[in-house]
Amino acid sequence: MLTDSHAHLYWKNFDEDRPAVLARARAAGVTRMIVVGTDVASSRAAFALSAGEPELYPTAGIHPHDSCAAGPAERAAIEELCARPECVGVGETGLDWFKNFSPRAEQLESFLWQLDLARRLDKPVVIHCRDTHEDTVRCLAQFPGVRGVMHCYSMGPEELAPYLEAGLCISFSGVVTYPKNDANRAAAARVPQERLLIETDCPYLAPQGQRGKRNEPAFVVAVLAELARVRGEGAEELARATTANAALLFGLPSSGSAGLQPGSVSSPSSSLHDPGGRKKKENGAGLEPGAPG
Ligand SMILES: [Zn+2]
């Protein structure tokens with residue numbers, strides 16, 4: 001069983017064949033996916049999609065690119081979504097000085113607001129960081145103890161320390177398979193196994209071999225294989241570890257009995273770690289069928 005810890009499955013370029021995409025994922029062993037929202041509309045779409053599918057779990061947040069379009073009304077909507085028991089994380093948030101689609105001051109303000117929200121709700125935060133290492137670390141330093149993941153970690157081993165010291169998980173994407181990314185592979189070799197996650201960030205960042213195509217959750221297998229290679233660990237072992245790490249971080253049922261007996265899962269670590277996640281599980285069967293889209 002594999003967990004794609006970051007998938008934008010509501011994206012319009014999945015509209016034509018989403019059931020087939022999900023079927024291919026499950027056939028490849030990728031049975032669990034975190035569906036990550038990036039603004040109010042996409043977060044609502046993530047919730048609607050996850051309500052109708054097993055083992056899909058939504059987050060809600062405002063991506064740095066969208067931070068300039070998010071005022072008080074949008075933040076209130078995101079906060080309401082994040083507080084729902086079925087919501088497993090806050091974000092995608094973070095900073096992006098590469099594209100700078102939103103002014104830096106607004107990105108910073110939005111990131112700090114979501115870090116605070118994650119801490120208030122005791123939910124993990126999903127962090128995007130592109131050319132913003134120092135500012136990201138500075139923001140995180142204001143929220144000691146906040147839980148979360150550096151999503152699509154694309155830097156090298158030199159930048160890892162502050163994120164590991166902050167207690168964050170590190171998630172690798174198809175970027176780790178690109179021939180030029182030796183530094184990213186060196187980082188992947190150094191992350192402690194209990195902090196490691198894998199993701200596609202689909203529809204973006206298809207792994208080498210599928211590059212240029214639309215990415216999809218089934219392709220996370222290539223990320224796992226590359227991590228196994230550079231770390232000298234078995235793919236099976238890493239599949240188990242990354243799925244268990246995602247379950248612990250996002251408060252999902254323990255992987256052994258995932259999806260079999262709602263409400264009966266009793267992973268001591270996940271229940272201790274994230275009472276909110278347990279609540280999600282207990283309420284999981286009662287998700288209203290026509291959840292708002
Ligand atoms: Zn993303």
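Before moving on, here are some points about what is shown:
- The criterion of being of a type in the set (A, V, I, L, M), surrounded by fewer than 22 Cβ atoms within 10 Å (Cβ to Cβ), free of Cβ contacts under 8 Å to residues at least 60 places away in the same chain and over 27 Å from Leu224 (Cα atoms) does not hold for Leu121.
- Unmet requirement for Phe98, which otherwise passes all of (1) touching a strand residue (DSSP E or B) at 6+ places or on another chain (Cβ under 6 Å); (2) buried (at least 23 other Cβ atoms within 10 Å of the Cβ); (3) at pLDDT below 95: (2)
- Positions within segment 221-239 being touching a helix residue (DSSP H, G or I) at 6+ places or on another chain (Cβ under 8 Å) and buried (at least 16 other Cβ atoms within 10 Å of the Cβ), in sequence order: Ala222, Val223, Leu224, Glu226, Leu227, Ala228, Val230, Arg231, Leu238, Ala239
- Scanning segment 48-63 for residues that are more than 25 Å from Gly29 (Cβ to Cβ), touching a helix residue (DSSP H, G or I) at 6+ places or on another chain (Cβ under 7 Å) and touching a residue at least 60 places away in the same chain (Cβ under 8 Å) turns up just one, Gly61.
- Selection of segment 3-31 for residues being away from the ligand (no atom under 16 Å from the Cβ) and touching a Leu at 6+ places or on another chain (Cβ under 9 Å) yields Arg18, Val21, Leu22, Ala25, Ala28, Gly29, Val30, Thr31.
- Matching helices (runs of 4 or more DSSP H) fully within segment 131-244 where at least 2 residues are within 16 Å of the ligand (Cβ to nearest atom): 220-231
- Filter result for the condition that a residue is closer than 21 Å to Asp131 by Cβ and touching a residue at least 12 places away in the same chain (Cβ under 8 Å), over Arg147, Arg231, Arg185, Arg195: Arg185
- Condition met for Val126 (touching a Ser or Thr at 6+ places or on another chain (Cβ under 9 Å) and either part of a loop (DSSP other than H, G, I, E, B) or more than 14 Å from the ligand (Cβ to nearest atom) (or both)): no
- Meets criteria (more than 19 Å from Trp113 (Cα to Cα), more than 15 Å from the ligand (Cβ to nearest atom) and assigned to a helix (DSSP H, G or I)) for Arg44: yes
- Within segment 101-117, the set of residues being surrounded by 17 or more Cβ atoms within 10 Å (Cβ to Cβ) and either within 16 Å of the ligand (Cβ to nearest atom) or in a strand (DSSP E or B) (or both) comprises Ser102, Gln107, Ser110, Phe111, Gln114.
- Of the residues Ile34, Ile78, the single one that is of a type in the set (Val, Ile, Thr), over 27 Å from Ala235 (Cβ atoms) and either within 16 Å of the ligand (Cβ to nearest atom) or crowded, with 24+ Cβ neighbours inside 10 Å (or both) is Ile78.
- Residue within segment 180-197 that is touching a helix residue (DSSP H, G or I) at 6+ places or on another chain (Cβ under 6 Å), under 19 Å from Ala25 (Cα atoms) and open to solvent by less than 10 Å² (accessible area, probe 1.4 Å) present: yes
The values are calculated or read from the model by the stated rules, or taken from the named source; none is laboratory data. As the structure is a prediction and not an experimental result, all values here were calculated from the model. Positions of Cβ are generated from backbone atoms using ideal geometry, with glycine treated the same way; all protein chains shown enter the neighbour counts. Keep in mind that these areas ignore ligands, DNA and RNA; they rest on the heavy atoms of the full protein, side chains included. Shrake-Rupley method; radii C 1.70, N 1.55, O 1.52, S 1.80 Å.
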